[in-house]
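Q: This is the structure I have questions about; it appears just below.
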Amino acid sequence: MREYALTFVIAAAVTYLLVPIVRRFAIAFGATPPVRDRDVHSEPIPRLGGLAIYGGFAAALLISAQLPHLQNVFVADTWLGLLLAGGLITVIGVVDDRWGMDALSKLAGQVAAAGILVAQGVQLLWLPLPGTQLSLGPWLGAMISVLLIVVTINAVNFADGLDGLAAGIVGISSTAFFAYYYVVAVEQGFVRQSYPAMIAIILAGTCAGFLFHNFHPARVFMGDTGSMLLGLLLTSITITVTGQFDANTAREGFSSGLVVFLPVALPLLVIALPLADLVLAVLRRLLAGKSPFAPDRGHLHHRLLDMGHSHVRAVLLMYLWAGIVAFAAVSLSVFDSPVIVLTVTALVGVCAVGLIALPRLRRRGLLPWDRRDTARATAHHDSSSDD
């Protein structure tokens, strides 16, 4: 655990220190586009923050290879494939953030990066099914892996619409993933130093370091350079976990069958809102006769702002939902008290729904404390008029 903690600190510190350098480079490089109609900020802000995220990730990964226990993780070339694929997706993001790319070219680059990962062994080996598991052949596993990587990349990209939103959601997801795998490893007696746990803690560290500069009011944006990279790294954790333990073994060690579904389901659960946003955006644009890649101002975070939430509150609400889903799923899979977990989750979920509806309730005068304040103000006004 100490080496994991050190790796987290290295990733966070390097990312944090690189952001100011990247910001100055982005300004000099001309990666500070004008404000668009769908943007929520009022002044141009430099992009390319993903360069700092890649630098922090690469530094933490290479330094962890020298640590006594974590160096045992580097027995295959998957880490090299992750550096190469991450480098390619970062370059594609830089081109897009500076000059712009058409959707098909960007999709081709995403598929190429996913192909590098698969070629280096980051590939789904099985899919969990009720009571059993489905072993995937090399071709089917490769195609499903590429599809999962590309979908997650674009879902995280869609989530990058408010200051700190994408980095926060991915940070929550990777932290939940680390907790999930570490608990499973302890219970099953697996080696606690593992590739997916290491990538998860590094990813959480880079997100934490970047958020110091990216939370509202942001001084730099990650751009497509960062959002696509975060999606790539997040999916790599999902895929490699399936090769770390056998589903039938996990079923024997845990009373909850959910534990075997979680490697594949957790990232999809955590980014359920961005995924739903992605699907709704495509449908909305197709029904309007537009390209599914045409930008608009109909995303979930835009709707939260239109409801009356502040920028910070909208982001925190999205964090809350990501945390509810992620840690509820982890708790249900590894603990033997589903009733307690579901009860707590339901209570927190109800509170979250109430917070989302708060501005609308306030406008309609349905909040009891607002009615009391209005009554006091009216009474005070009447007494002043009598005087």
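Q: Being over 26 Å from A314 (Cα atoms), surrounded by 19 or more Cβ atoms within 10 Å (Cβ to Cβ) and more than 20 Å from the chain's Cα centre (by Cα) narrows it down to one of I92, I149, I116, so name that one.
A: Every option except I116 fails the conditions.
Q: Still on this structure, please answer the following. Please work out if D96 is acidic (D, E) and closer than 20 Å to A167 by Cβ.
A: Here the answer is yes, as D96 does meet what is asked.
Q: Only one residue in L70, L83, L61 is over 25 Å from W139 (Cβ atoms), touching an Asp or Glu at 6+ places or on another chain (Cβ under 8 Å) and open to solvent by less than 30 Å² (accessible area, probe 1.4 Å), so which one is that?
A: So the residue among L70, L83, L61 that is over 25 Å from W139 (Cβ atoms), touching an Asp or Glu at 6+ places or on another chain (Cβ under 8 Å) and open to solvent by less than 30 Å² (accessible area, probe 1.4 Å) is L70.
Q: So how many residues does the stretch 138-169 have that are within 15 Å of F221 (Cβ to Cβ), in a helix (DSSP H, G or I) and either at pLDDT below 85 or hydrophobic (A, V, I, L, M, F, W, C) (or both)?
A: Selection size over the stretch 138-169: 6.
Q: OK, next. Determine the pairs where a residue that is on the phi < 0 side of the Ramachandran plot and open to solvent by less than 80 Å² (accessible area, probe 1.4 Å), located within the stretch 1-17, has a partner that is basic (K, R) and at pLDDT below 95 with Cβ atoms under 9 Å apart, the partner being 6 or more residues away or on another chain.
A: Between residues of the stretch 1-17 that are on the phi < 0 side of the Ramachandran plot and open to solvent by less than 80 Å² (accessible area, probe 1.4 Å) and residues that are basic (K, R) and at pLDDT below 95, the close pairs are Y4/R192.
The values are calculated or read from the model by the stated rules, or taken from the named source; none is laboratory data. All values reported here derive from a predicted model rather than from experimental measurement. Every residue, glycine as well, gets a Cβ built from its backbone with ideal geometry; the counts of neighbours run over all protein chains shown. For the accessible areas, the whole protein counts, side chains as well, though only heavy atoms, and no ligand, DNA or RNA atoms are used. Shrake-Rupley method; radii C 1.70, N 1.55, O 1.52, S 1.80 Å.
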